[in-house]
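Novice: Quick one: the structure is below, questions incoming.
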Amino acid sequence: MLNRRNFARLAGAAIIALSTALPSFAQDPIVIKFSHVVASDTPKGKGAEKFKELAEQYTDGKVRVEVYPNSQLYKDKEELEALQLGAVQMLAPSLAKFGPLGVQQFELFDLPMLFNGREDLRKITEGDVGRELLDMLEPKGITGLAYWDNGFKIMSANSPLVTPDDFLGLKMRIQSSKILEAQMQALGAVPQVMAFSEVYQALQTGVVDGTENPPSNMYTQRMNEVQSHATLSQHGYLGYAVIVNKAFWDGLPADVREGLDRAMTEATEYANGIAEDENDRALQAMMDAGTTEFHELTEEERAEWYETLRPVHEEMADRIGADLLQKVYDALGTTN
């Protein structure tokens, strides 16, 4: 939750931005503030820039998109409230962030050892479950537009992370998610919720021992400079939902919204298309830098991780919804 000072700041911004939150189309162009917390040269950052380019093109200049990366406007805990207040119009938060908003069903994407690659992932994000989840945001004043990939996560620390026993007692940074808390606890680690913008310094000073990230996030935030070991575990997925203030979106002229829909469709194809390559390049760059030793799990080691982490599904079934989780298993053709 916001403290009183930050709430006052957001409320003031919302008043100033009222003409964009509930747009007055006498003004030209319509401004869309698109805020996010990662670097511009990540898959999400590049996707946001592609959306800006296409949105301005397909609306014939009726819309101007202002992209604010790297938590320039709001940090993790602030940005959803900023969107609801109309201080910004568009975000692409990680899927775990909807839990504190009361839509904890999105945390199913945080379940460890759930997806066996991107083909599995598409069965959910492009299927009935993905649409059902986005529809759950409507009562919160939010319209869900698309899912954007980052990638599958690796674990990092300043000590080797080969077996689950290696996590015992380590302080591991996570984003706010009950499922990620349960994941780290299953490994014997101590989960530490922390804003993404604070992680590098926390790793550098030893406030936390390690974290989990797709390679592109780890590299663009220079975490490899302060993490001597990493394991290519691909134990979980990090992705985003592109969302917009519902009142703003519903109030747009039909032709403008049509152009923005087209821009979002193409930006989504672009962002998801480059995500895997961006992560591969980031991983290679970190390997070339030589500051981090990377370990690839053997089949036997991965089986041990699976045995340790898969019970988190059953533990968190009530939080996600047993029926929803079963729909996921059915779509993936797996069992619990």
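Values quoted throughout were computed directly from the atomic coordinates according to the rules given, and no laboratory measurement underlies them. Note that the structure is a prediction, hence the values are computed from the model and not measured. Backbone-built Cβ (ideal geometry, glycine too); neighbour counts: all protein chains shown.
Novice: Excluding same-chain residues fewer than 8 positions from Lys327, which lysines have a Cα within less than 29 Å of its Cα?
Specialist: Leaving aside lysines fewer than 8 places away in the same chain, those within reach of Lys327 are Lys44, Lys97, Lys123, Lys140, Lys153, Lys178, Lys246.
Novice: Sorted from largest down, what three extents in whole angstroms do the Cα atoms of region 281-326 have along their principal axes?
Specialist: For region 281-326, the Cα extents along the three principal axes come out at 45, 24, 15 Å.
Novice: Over region 243-282, what lengths in whole Å, largest first, do the semi-axes of the equivalent ellipsoid take, defined as the square roots of 5 times the eigenvalues of the alpha-carbon gyration tensor?
Specialist: 29, 11, 4
Novice: Any idea what the alpha-carbon Rg over 2.2 N^0.38 Å comes to for region 67-163?
Specialist: Working it through for region 67-163, the quotient is 1.22.
Novice: Here's something else I'd like to know. In Å and on Cα atoms, what radius of gyration and Dmax does region 112-227 show?
Specialist: 16.1, 45
Novice: Assuming a ≥ b ≥ c are the square roots of the Cα gyration tensor eigenvalues, decide whether region 31-110 counts as rounded (a/c under 1.5), prolate (otherwise, with a/b larger than b/c) or oblate.
Specialist: In terms of gyration-tensor shape, prolate.
Novice: Assigning unit charges at the beta carbon (Lys, Arg +1; Asp, Glu -1) and nothing else, what dipole magnitude in debye, to the nearest 20, does the chain show about its Cα centre?
Specialist: Once rounded to the nearest 20, the dipole reads 1400 debye.
Novice: Once you have the Cα-Cα distance between Glu225 and Asp41, take 0.36 nm times their residue separation minus that, and quote the gain in nm to one decimal.
Specialist: Length gained, Glu225 through Asp41: 64.5 nm.
Novice: Report the net charge of residues surrounding Asp28, where surrounding means a beta-carbon distance below 14 angstrom and charges are Lys +1, Arg +1, Asp -1, Glu -1.
Specialist: That sum, taken over residues with Cβ under 14 Å, equals -1.
Novice: Using only the alpha-carbon atoms, how far is helix 299-309 inclined from the longest principal axis of the chain? Give it as 0 to 90 degrees, nearest 10.
Specialist: It is inclined by approximately 60 degrees.
Novice: Continuing with this model, one more query. What shape does region 236-336 have by the C-alpha gyration tensor, where a ≥ b ≥ c are the square roots of the eigenvalues, rounded means a/c under 1.5, and otherwise prolate means a/b greater than b/c and oblate the rest?
Specialist: Oblate.
Novice: Which order do peptides 165-172, 228-235, 87-94 fall in by mean Cβ count within 10 Å, highest first?
Specialist: 87-94, 228-235, 165-172
Novice: While we're here: Is it possible to state the helix-based mean residue ellipticity at 222 nm for the chain, with each DSSP H run of 4+ residues giving -39500 (n - 2.57), the sum divided by total residues, to the nearest 500 deg cm²/dmol? What is it?
Specialist: -13500 deg cm²/dmol
Novice: Expressed in nm to one decimal, what extension gain is obtained for the pair Ala195 and Tyr329 from 0.36 nm per residue of sequence separation less their Cα-Cα distance?
Specialist: 45.1 nm
Novice: Taking the Cα of Asn116, stepping 7 Å toward and past its beta carbon, and measuring to each backbone N in region 267-309: which are under 20 Å?
Specialist: Only 297-309 fall inside the zone, counting backbone N under 20 Å.
Novice: Please name whichever of Leu91, Leu145, Asn158 sits farthest to the positive end of the charge dipole of region 50-190, dipole taken about the Cα centre and charges placed at Cβ: Lys and Arg +1, Asp and Glu -1.
Specialist: Asn158
Novice: Taking the Cα centre of region 159-245 as the origin and placing charges on Cβ (Lys, Arg +1; Asp, Glu -1), which of Gly206, Ile243, Ser228 is farthest toward the positive end of the dipole?
Specialist: Most positive-ward Cα: Ile243.
Novice: Around Lys327, under 9 Å between beta carbons, what's the net of Lys plus Arg minus Asp minus Glu among the other residues?
Specialist: It works out to a net charge of -4.
Novice: Any chance you could tell me what percent of the C-alpha pair distances in the chain go past 36 Å?
Specialist: 18 percent
Novice: Also: How large are Rg and Dmax for region 170-308 when calculated on the C-alpha trace, in angstrom?
Specialist: Rg, Dmax (Cα atoms, Å): 18.6, 57.
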